[in-house]
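Worksheet for the structure shown next.
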Amino acid sequence: MIELKNVSKTYGKGQLRLQALSDISFQLQKGEILGIIGRSGAGKSTLIRCVNLLEIPDQGQVIINNTDITGLKGKKLEEQRKKIGMIFQHFNLLTSRTIFDNIALPMELAGKSKKEIREKVEELLELVGIADKARQYPANLSGGQKQRVAIARALANDPHLLLCDEATSALDPATTKSILELLQRINERLKITILIITHEMEVVKSICHSVAIIDKGKLMVKGTVQEILSDQNHPVVAAFLPEEKDIQLPTDIAKTIKATYTEEGSAVVEIKMPENGTITWIADVASLFNVKVRIIKSAIESFGTLTTGYLIALFEGDNLQIEQALHYLNEKKINIKLKGYASR
C-alpha cells in the first residue's frame, strides 16, 4: 500500500547542513501496523512528515496506492492527504471548540453536509469510547480522553492510512495501554494501515506487526517484531534491550552487603538471562544444593520467544552449599556476578 523509495531529507546549508534522512526505502502492506523506532534525533518524525508531505523530500518517492504523491500539488495533493489521518503527541485540539466540533472540523473543511457530519461524529464518538463527552471542551478531558478525540478526528474522512507521531509519549502507562488497544481495534475493525513513530519498546511489542529501526537518519533494519528484536548482537537493537546499568540493588539489601560471608550470610547474585530465556537453574540449585533462591529485582524484556535482561537474586542456605551452587552455575555457562554477602 505504501512504498518509500530512496527518500532523503536535509535541513540547512554548508556547515549547518543536517542530513535528517538518508536513502530510506521500505514497503508497508495494507492493514499492517508498522512501528518506526529510534532514539531522539534519529529522524523518526521527519520520516513520518515526509509520508504525508508535510515535509518535502529532497529526493526519492512516496508512493501510496500506486500513486507517487511527491509529484502532486494543489488540489490533487489535498485529496491524497484527506486519506491520511495523523495523530500527534500533544493532541493539537482546538480549545475553543467542543469535542463534537473538533471531530467535525475535517469534514467541514471537506464540504460534507451537516447530516453527514452529525452521523459520522456520533459513530466515531462511540468507536473511541467517549460518546458522553460530545458537548464538553478539551480542557475538561484527561490526556487519554483528549487522545481519543484526536484519534476520532483523524478518522473523520475515512483514511486508509493512520500516522501516529509519538501518540502515547505524553500518557501514563495505564492510559497508553488503553490507547494502544483502541488503535489495535481500529486496525482490525476498519482494516486501516497504521504507521507508528515511537521510542518506546512497549508500543512496538504491544500492537505492531513489523518494526523498522532508524539511526542517524538511516534505516538500519526492518522485519517482523520477533525476528528484528531477537538479534541481540545488532548494535542498534541492543540499545533498546535491558542493560546491566538498568538494574540496581534495593537499598535495604545494598546496605547489608559485605565482601565475605559470615555464618548468617546469604549471597546476593546478579544473573544475565541465559540465551534460551529460561530460569530452570533455580530448580536445579534448589534440588542439588538445598539453596533457596529469591528474585529480588529484575530488568527483563520479552519479544516472542526471546527473553533477555538481568536478575538480582538472593541465595539462602548453608554457605558451603551456596558456594557449590555458584560454581555449578559457572560451569553451566550462566553469566553470574557475585555482588557480595548480605546479613539475614
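The values are calculated or read from the model by the stated rules, or taken from the named source; none is laboratory data. Remember, predicted model here, so these are calculated numbers, not experimental data. Neighbour counts are summed over all protein chains in view; Cβ atoms, including those assigned to glycine, are modelled from backbone coordinates with ideal geometry.
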Of the residues Ile56, Ile84, only one is among the hydrophobic types (A, V, I, L, M, F, W, C), surrounded by 13 or more Cβ atoms within 10 Å (Cβ to Cβ) and assigned by TED's automatic domain parsing to the domain that holds Ala20; which? Ile84
Report yes if some residue within region 225-236 is in contact with a Cys (Cβ under 9 Å, 6 or more places away or on another chain), of a type outside the set (Lys, Arg) and modelled with pLDDT under 75; otherwise report no. yes
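Out of region 36-53, which residues are of a type in the set (A, V, I, L, M, F, W, C) and surrounded by 20 or more Cβ atoms within 10 Å (Cβ to Cβ)?
Step one: list which residues in region 36-53 are of a type in the set (A, V, I, L, M, F, W, C), which gives 36-37, 42, 47-48, 50-51, 53.
Listed by number, the residues that qualify are Ile36, Ile37, Ala42, Leu47, Ile48, Cys50, Val51.
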If you check Ala167 against the conditions, is it more than 30 Å from Asp23 (Cβ to Cβ) and of a type outside the set (Val, Ile, Thr)? no
Sole residue being at pLDDT 85 or above and among the basic types (Lys, Arg), chosen from Lys272, Lys255, Lys292, Lys297: Lys292
Counted residues, region 12-40 - those being part of a loop (DSSP other than H, G, I, E, B), without any contact (Cβ under 8 Å) to a residue 40 or more places away in the chain and not basic (Lys, Arg): 1
Spot the failing condition for Leu125; the list is (1) buried (at least 20 other Cβ atoms within 10 Å of the Cβ); (2) touching an Asp or Glu at 6+ places or on another chain (Cβ under 9 Å); (3) of a type in the set (A, V, I, L, M, F, W, C); (4) modelled with pLDDT under 95, and only one is missed. (4)
Select from region 65-81 the residues that are in a helix (DSSP H, G or I) and closer than 14 Å to Leu54 by Cβ and list them in ascending order. Ile69, Thr70, Leu77, Glu78, Gln80, Arg81
Output for region 168-197, where each listed residue is part of a strand (DSSP E or B) and not hydroxyl-bearing (Ser, Thr, Tyr): Ile194, Leu195, Ile196, Ile197
Looking at (1) surrounded by 17 or more Cβ atoms within 10 Å (Cβ to Cβ); (2) modelled with pLDDT of 90 or more; (3) closer than 26 Å to Ile207 by Cα, which one does Phe100 not meet, given that it meets all the others? (3)
Those residues of region 300-334 that are of a type in the set (S, T, N, Q), at pLDDT below 85 and either under 27 Å from the mean Cα position of the chain (by Cα) or surrounded by fewer than 16 Cβ atoms within 10 Å (Cβ to Cβ) (or both) come to a total of 4
If only one of Leu77, Leu94 is within 30 Å of Val7 (Cβ to Cβ), of a type outside the set (Phe, Trp, Tyr), surrounded by fewer than 20 Cβ atoms within 10 Å (Cβ to Cβ) and assigned by TED's automatic domain parsing to the domain that holds Ile196, which one is it? Leu77
